[in-house]
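Just so it is clear, none of the values below were taken in a lab; they were calculated from the coordinates. Source: prediction; values computed, not measured. Heads up, the Cβs are rebuilt from the backbone with ideal geometry, glycines too, and the neighbour counts pull from every protein chain shown.
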Amino acid sequence: MNTVPDPPRDSRPRLDRDLIVQTAITSIDTHGVQGLTMRRVGQDLGVAAMSLYRYVSGREALLEAVVEKLMDGVTARADAVGFTSWQGYLQVLANEVRRVAQAHPAAFPLVASRHPATPWLRPPLRSIELVEHFLATLSDFGFDDIRAVDAYKAFTTFLIGSLLLEVAAHGEDILSVDETLNEGEAAIPEQDAYFDLQQAPHVCRMQDRLSQDTTAQEFEIGLEALIDRIERSVSQ
């Protein structure tokens with residue numbers, strides 16, 4: 001007796017937001033940020049681009065989700081490595097962010113350039129959760145508010161500059177501005193309007209100093225520190 005075989009089951013994974021974001025990261029790794037479109041992500045997933053809008057409202061929202069995904073788990077991994085001093089903490093955190101840059105050099109410039117959660121946050125510690133972790137940890141090691149914020153600014157300035165140069169050395173374009181190509185209705189998010197700062201007491205307490213523009217002073221301090229380091233090296 002002849003039987004009719006069952007039709008092949010769809011072997012594609014179930015579509016969800018996390019799968020879409022991970023596929024977008026893979027696409028950026030291969031084609032660069034400028035090559036990312038909702039249509040391409042849909043093609044990579046084997047679905048129509050319109051199917052994606054149930055989970056992300058457009059390319060802008062997808063780029064924001066990519067940055068969030070890239071930085072997700074950085075603080076947890078830093079805690080897992082462990083540290084016994086504030087110096088050790090900065091080394092561990094810097095290396096965790098560097099691993100992100102090394103794993104996804106084409107996408108990392110997004111981390112340093114996308115819209116911050118608030119106007120006074122600096123990438124790549126762009127989320128309030130990450131900044132809270134940084135400030136709380138340094139406070140636990142005895143930093144007062146002024147010194148904790150100053151350390152945060154100096155640390156992120158170094159980290160951004162160093163890692164962008166590193167990914168540029170691997171041929172990634174860090175100078176081109178990502179043109180808005182929003183294939184949907186997503187607006188640039190104003191995440192600080194929806195985030196309850198009471199969940200981040202250190203950020204809330206230090207907000208005034210975090211929002212101060214001290215870039216000129218930071219430049220001079222960083223330059224002096226660099227000159228001192230070169231001078232010590234030459235004199236050895």
### Efficiency of FRET from Cβ geometry, Ala94 and Arg232, R₀ 30 Å, rounded to 0.05
0.90
### Query
Put a dot 7 Å past each Cα toward the Cβ at Thr30 and Gln102; how far apart are the dots in nm?
2.5
### Task
For the stretch 18-169, would you read off the P(r) tail past 28 Å as a percentage of all alpha carbon pairs?
25
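Mind putting a number on the dipole of the stretch 25-150 about its Cα centre? Charges go on the C-beta only, +1 for Lys and Arg and -1 for Asp and Glu, and I need it in Debye to the nearest 20.
Numbers: 12 positive and 14 negative charges, 124 e Å.
Once rounded to the nearest 20, the dipole reads 600 debye.
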### Summary
1/(1 + (r/R0)^6) with r = Cβ-Cβ of Ser85 and Ala154, R0 = 22 Å, i.e. FRET efficiency to nearest 0.05, evaluates to 0.80
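Given a Förster distance of 25 Å, report the FRET efficiency between Glu220 and Leu197 from their Cβ-Cβ distance, rounded to the nearest 0.05.
Numbers: r = 31 Å, r/R0 = 1.24.
Once rounded, the FRET efficiency stands at 0.20.
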### Query
Rounded, prolate or oblate: which fits the stretch 66-145, taking a ≥ b ≥ c as square roots of the Cα gyration tensor eigenvalues, rounded meaning a/c under 1.5, else prolate when a/b beats b/c?
oblate
### Query
Lys/Arg Cβ at +1, Asp/Glu Cβ at -1, dipole of the stretch 56-148 taken about the Cα centre: which of Val92, His104, Ala148 is farthest positive-ward?
His104
